[in-house]
Amino acid sequence: MLSVSDIGRLKKPLVWTCHDMWPFCGGEHYVPDETAARFRQGYHNHNIPPGERGPDLNRKTWEAKRRAWARQRFTIVSPSHWMAACVKQSVLFAGVPVSVIPNPLDTDNTWRPIPRQASRTALGLPQDKKLILMGAAGGLEDPRKGGDLLHEAICSVFSRCSDGVELVIYGQEKTLQSGIWPCPVHWLGRVNDDRVLALAYSAADVMVVPSRQESFGQTASEAQACGVPVVAFDVGGLPDIVIHRETGWLSKAFDTEDMATGILWVLGDEDRWLELSHNSRRTAVKRFSPGVVAELYGKVYEQVVRNQNIVNH
């Protein structure tokens, strides 16, 4: 909870992990990833986004950052290659060292496979159905999370194969619009307990992440650690998690027909599903275990210390 000026007054080299776009934007935490994005061009009077009215507070915040941090020594850590590219292309952090290190997961105790039958029993889910899981902390209302895209993809799935497939959604309660879905939907509500969330992943046959923008894609990594294949769009940080046709399916950006194809591909063959599940778990442990992530951070800190010693001498 440091202010912009507080960060500028710190006297030691700083390693800053960007979990969203705020460090290199104005006051925004996420903005569209466009060539003309203000973080790439600078915040000027002539490039205020359409629809914004009143004082340009984002420009004022960005200018405050530029002044306060002009002589600050940053090393940036990004959880994904997409976010790292945004950092490198930003005006505020041009020329600043950037490393890509994923978010860690407790793959030993929390995010691990739980037997499917037990998971479904604990959550009151049917044992004899193929379950498609989707969830987000704020539910489906945030446009970035792609609830509308999920609806299109599920409608496409059920236009091709409606036999024995149902949907599970966590992050919100049942809504007044729940009848729009072409299939039975199990609403798990808000889930604040990681153990319950691990049950939800383990109960599913496939996790779908229809997000328009993710700095990393935490739900995708958690699902894979629980041995569940993931279908997601090839955008943001998700390509750093999902390996196409190895741990799931990466759909063309916002192509809901391709997403439906990926869902059906994951569900369509039991032997293939078992291989995807095994690959998902193995890859998550290899990439996201705390020891792996800690070692990567250790290398960054060592490099920062070496650079500081060179400056001091």
Please verify whether the range 244-252 includes one or more residues that are surrounded by 20 or more Cβ atoms within 10 Å (Cβ to Cβ), touching a residue at least 40 places away in the same chain (Cβ under 8 Å), on the phi < 0 side of the Ramachandran plot and not charged (D, E, K, R).
no
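Applying the selection to the range 283-313, what residues are surrounded by 14 or more Cβ atoms within 10 Å (Cβ to Cβ) and either under 30 Å from VAL206 (Cβ atoms) or of a type in the set (A, V, I, L, M) (or both)? First the steps, then the outcome.
Of the range 283-313, the ones surrounded by 14 or more Cβ atoms within 10 Å (Cβ to Cβ) are 283-285, 287-289, 292-293, 296-297, 300, 303-304, 307.
Within the range 283-313, THR283, ALA284, VAL285, ARG287, PHE288, SER289, VAL292, VAL293, LEU296, VAL300, VAL304 qualify.
Determine whether the range 299-307 contains at least one residue that is within 30 Å of LEU14 (Cβ to Cβ), among the aromatic types (Phe, Trp, Tyr) and more than 20 Å from the chain's Cα centre (by Cα).
The answer is yes; a qualifying residue exists.
Determine which member of the set GLU275, GLU270, GLU222, GLU302 is under 30 Å from ASN109 (Cβ atoms) and either touching a residue at least 24 places away in the same chain (Cβ under 8 Å) or touching a His at 6+ places or on another chain (Cβ under 8 Å) (or both). Even if it seems obvious, please write down each step before you answer.
Details: GLU275 fails: either touching a residue at least 24 places away in the same chain (Cβ under 8 Å) or touching a His at 6+ places or on another chain (Cβ under 8 Å) (or both); GLU270 fails: either touching a residue at least 24 places away in the same chain (Cβ under 8 Å) or touching a His at 6+ places or on another chain (Cβ under 8 Å) (or both); GLU302 fails: either touching a residue at least 24 places away in the same chain (Cβ under 8 Å) or touching a His at 6+ places or on another chain (Cβ under 8 Å) (or both).
Step by step, each of GLU275, GLU270, GLU222, GLU302 is checked, and only GLU222 is under 30 Å from ASN109 (Cβ atoms) and either touching a residue at least 24 places away in the same chain (Cβ under 8 Å) or touching a His at 6+ places or on another chain (Cβ under 8 Å) (or both).
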All helices (runs of 4 or more DSSP H) inside the range 1-97 with 2 or more residues being within 26 Å of the chain's Cα centre (by Cα) and crowded, with 17+ Cβ neighbours inside 10 Å
38-41, 57-68, 81-89
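State all residues of the range 34-47 that are of a type outside the set (S, T, N, Q) and either at pLDDT 95 or above or within 25 Å of VAL235 (Cα to Cα) (or both); if no residue qualifies, say none. Break it down into steps so the answer makes sense when it comes.
First, pick out the residues of the range 34-47 that are of a type outside the set (S, T, N, Q): 34, 36-40, 42-44, 46.
Passing the criteria: GLU34, ALA36, ALA37, ARG38, PHE39, ARG40, GLY42, TYR43, HIS44.
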Scan the range 188-205 and tell me whether some residue there is of a type outside the set (D, E, K, R), within 17 Å of the chain's Cα centre (by Cα) and closer than 17 Å to MET83 by Cβ.
no
Within the range 131-160, work out how many residues are surrounded by 15 or more Cβ atoms within 10 Å (Cβ to Cβ) and of a type in the set (S, T, N, Q).
1
Scanning for something assigned to a loop (DSSP other than H, G, I, E, B), touching a Phe, Trp or Tyr at 6+ places or on another chain (Cβ under 7 Å) and modelled with pLDDT of 95 or more, does the range 215-226 turn up at least one residue?
yes
Looking at the range 34-66 only, could you name the residues that are under 30 Å from ILE310 (Cβ atoms) and either of a type in the set (S, T, N, Q) or free of Cβ contacts under 8 Å to residues at least 40 places away in the same chain (or both)?
ARG66
Looking only at the range 177-214, and only at residues there that are outside any loop (DSSP other than H, G, I, E, B) and of a type in the set (Phe, Trp, Tyr), the one that is surrounded by the fewest Cβ atoms within 10 Å (Cβ to Cβ):
TRP187
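Conditions (1) part of a helix (DSSP H, G or I); (2) closer than 30 Å to CYS86 by Cβ; (3) in contact with a Lys or Arg (Cβ under 8 Å, 6 or more places away or on another chain), marked per residue:
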| residue | (1), (2), (3) |
| --- | --- |
| SER119 | yes, no, no |
| LEU133 | no, yes, no |
| LEU149 | yes, yes, yes |
| CYS155 | yes, no, no |
| THR175 | no, no, no |
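The values are calculated or read from the model by the stated rules, or taken from the named source; none is laboratory data. Because the structure is a prediction, the values reported are computed rather than measured. So basically every Cβ, Gly included, is an ideal-geometry build from the backbone, and we count neighbours across all protein chains shown.
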